[in-house]
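The values are calculated or read from the model by the stated rules, or taken from the named source; none is laboratory data. Predicted model, so just to flag it, every value in this text is computed and none were measured. All Cβ positions, even for glycine, are placed from backbone atoms using ideal geometry, and neighbour counts span all protein chains on display.
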Amino acid sequence: MRSETTFDLQYAHRFYGFQGEARYLHGHSGILTIEVEDTINTGVNMVFPCNEIKKIAWSVLKNFDHALILREDDPLLPAVLGVYEKEGIKNGTPTNTMKGCAFDIPLCKAYPDCRLVVTKETMTVEGMIKMVYELLKDKLNIAKISFISGVNKASAEFPVKQERKRCPLCGIMLDENGVCPKCGYRSK
Ligand SMILES: [Zn+2]
Ligand SMILES: [Zn+2]
């Protein structure tokens, strides 16, 4: 069975070099859905607690929220960073507090201090799904990701190979020693 969690992301981007309106910088409210698949954890009668999916995924996804997402070869990138630098906000401000954990993978790199994600490929809905899967596949049993942005929508399914050991008392994943990091339960 699957547990599903939805995320709201506000961001700005453009399709650099694209022949159409999306070549101009613009913004979206995007809706991302992650479906986590596993057996039913009989102790709590659920696959995985949705608030826990939210916590794990949001620590990474925060980087895409109220953020600018630009491709690595986009000339807007040095231009925007130049303005941020002059304004003194490139390395962060005391009011920029909702920052995600920085990541750096072949598909994308996050700069939480200036709310920027630099991507290898154009950030279409398809591109977003590829990035989110790569960023979270080791942390969650992701079976499906959907992303809606404006009139565009895409989804992809992924094979789930392993059953995760979860706490029968609170439902979250046990650590490598079989101990629940939340409630302290120990598997025998
Ligand atoms: Zn767009
Ligand atoms: Zn527990």
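Some values worked out for this structure:
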item	result
Candidate set from segment 39-73 (those that are assigned to a loop (DSSP other than H, G, I, E, B) and polar (S, T, N, Q)); member that is nearest to residue 107 (Cα to Cα)	39
Failed condition for residue 16, given (1) surrounded by fewer than 16 Cβ atoms within 10 Å (Cβ to Cβ); (2) hydroxyl-bearing (Ser, Thr, Tyr); (3) within 16 Å of ligand 1 (Cβ to nearest atom)	(1)
Residue check for residue 150: closer than 20 Å to residue 60 by Cα, within 16 Å of ligand 1 (Cβ to nearest atom) and either small (Gly, Ala, Ser) or at pLDDT below 95 (or both)	no
Condition check for residue 163: loosely packed, with under 13 Cβ neighbours inside 10 Å and touching an Asp or Glu at 6+ places or on another chain (Cβ under 7 Å)	yes
Residue satisfying condition, being free of Cβ contacts under 8 Å to residues at least 60 places away in the same chain, of a type in the set (Gly, Ala, Ser), part of a loop (DSSP other than H, G, I, E, B) and in contact with a strand residue (DSSP E or B) (Cβ under 9 Å, 6 or more places away or on another chain), within set 12, 102, 110, 22	102
Of the criteria (1) of a type in the set (Gly, Ala, Ser); (2) in a strand (DSSP E or B); (3) more than 16 Å from ligand 1 (Cβ to nearest atom); (4) surrounded by fewer than 20 Cβ atoms within 10 Å (Cβ to Cβ), which one residue 82 fails	(2)
Tally of residues being of a type in the set (Lys, Arg), over 26 Å from the mean Cα position of the chain (by Cα) and assigned to a loop (DSSP other than H, G, I, E, B) across segment 158-188	1
Test: residue in segment 85-100 that is under 11 Å from the mean Cα position of the chain (by Cα) and modelled with pLDDT under 95	yes
Identity of the residue in segment 113-148, more than 11 Å from the chain's Cα centre (by Cα) and without any contact (Cβ under 8 Å) to a residue 24 or more places away in the chain, that ends up surrounded by the most Cβ atoms within 10 Å (Cβ to Cβ)	127
